[in-house]
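Since every read-out is calculated from the coordinates, none of them should be taken as a lab result. Note that this is a predicted model, so its numbers are computed, not measured.
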Amino acid sequence: MRTENIQFFTDKEEEFVNQLVNSGIAKKVAMTLVFLTSTKETTSREIEHGADMRQSEVSQAIKVLTARGWIKSREDSSAEKGRPVKIYTLAMPISKILGAIEKEKKEEIKKQLALLGKMKDYIQ
């Protein structure tokens, strides 16, 4: 029989997920990101169990995070027979990821304020 150590979100991590969602990050992406911040490296299966997500949700979140350059992966073929298992880790410290989110939000706000300025020009 095989034993596994499964991680679950703490209240603090749940709050972190909620804050990321409130900032505009998709919930499943936020859950995956927070899960990765709490572990050195992990597999998609561990994310599924620990974050209570379906395999397809984890795959989509991993694609988003990889495309943004926030996570990286490597293959581990020594675990079992068959397909190699992908191991995921953060590609940069979470503080840099939060800095990137902050920068994006500032740019969004700047664009919205410029748009409002243009709208004001129409009523003058």
On a 0 to 90° scale, report how tilted helix 55-67 is relative to the longest principal axis of the chain, with both axes built from alpha carbons and the result rounded to the nearest 10. 60
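Using helices alone, I'd like the mean residue ellipticity at 222 nm for the chain: each DSSP H run of four-plus residues gives -39500 (n - 2.57), total over residue count, nearest 500. Display every interim value, and only then the final one.
Numbers: 5 runs with 74 residues, N = 124.
Helix contribution divided over all residues of the chain: -19500 deg cm²/dmol.
May I ask you to compute the full-extension gain from Glu75 to Gln112, defined as 0.36 nm times their residue separation minus their alpha-carbon distance, rounded to one decimal in nm?
Once the chain is fully extended between Glu75 and Gln112, it gains 9.1 nm.
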In degrees from 0 to 90, rounded to the nearest 10, what is the angle of the helix 11-22 Cα long axis to the longest principal axis of the chain? 40
Straight-line reach from Lys110: which lysines have a Cα under 18 Å away, not including same-chain ones fewer than 8 places off? Lys118, Lys120
Which of Lys12/Lys63; Lys40/Lys86; Lys40/Lys96 have a Cα-Cα distance over 18 Å? Lys12/Lys63
